[in-house]
1. Whole number in Å², please: accessible area per residue of the stretch 60-167, 1.4 Å probe, ligands, DNA and RNA not counted.
2. Using 7 Å Cα-to-Cβ label points, what is the N71/Q127 separation (nm, one decimal)?
3. Considering just Cα atoms, how many Å³ per residue does the convex hull of the stretch 60-167 enclose?
4. In debye, nearest 20: dipole of the stretch 60-167 around its Cα centre with unit charges on the Cβ of K, R (+) and D, E (-)?
5. For a quick check: with amide H placed at 1.01 Å from N, whose amide H comes under 5 Å from I97's, ignoring anything fewer than 5 positions away on the same chain?
Amino acid sequence: MVSSFALRGLCRARAALRCDLAELLWVPRRGHRLTPADDELYQRTRISLLQRESPQSMYIDSYSSLGFMVNGNRVLGPCALLPHSVVQWNVGTHQDITEESFSLFWLLEPRIEIIVVGTGDRTERLQPGVLQAMRQRGIAVEVQDTPNACATFNFLCHEGRVTGAALIPPPGGTVLTTLAQAAE
């Protein structure tokens, strides 16, 4: 009895496998061709921030070789951005960054989850001892060039993460660059 059911099921499955050659070769046809304008990879997106969701958050509006524009306030030279304040940061280059210069980040409550470090116009390596000290204190460190560090900081703040930034202005011209212009 079991073998008759198996034989009957096998015959039905074999019949289902037979189909016309036209059905196998059928391909859906488009009425038009796609152009680069149809592809999202070729399109630019511009975002205008009309109202900040959380007014107490820090946002970097722009940067230059002289400093940064943070929440509409100009900050000259290297700076450290904390969840609710901005302070001057006493470093000149990435080589000046020490465990002591990061001490202000681990003294805060609530604890900072991640520090975004902008090292100027290039991504530079920090001293291994500095990174290890931060890791031991449970603080992640992301080292980037300053333009990308500014964008990353804004993104993390928008997500509501407890974030700090340690930024060195990129050398070069003194023209202010907004983050929207840098993204293009």
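1. On the way: 5340 Å² over 108 residues.
With all protein chains present, the stretch 60-167 gives 49 Å² per residue.
2. 3.2
3. Values: hull volume 9.4 nm³, N = 108.
In the stretch 60-167, the Cα convex hull volume per residue is 87 Å³.
4. On the way: 7 positive and 11 negative charges, 20 e Å.
The dipole of the stretch 60-167 has a size of about 100 debye.
5. Placed amide hydrogens put nothing under 5 Å from I97.
The values are calculated or read from the model by the stated rules, or taken from the named source; none is laboratory data. Predicted model, so just to flag it, every value in this text is computed and none were measured. Glycine also receives a Cβ, built like all others from the backbone with ideal geometry; neighbour counts cover every protein chain displayed. Heads up: the accessible areas ignore ligands, DNA and RNA and are worked out on the full protein's heavy atoms, side chains in. Shrake-Rupley method; radii C 1.70, N 1.55, O 1.52, S 1.80 Å.
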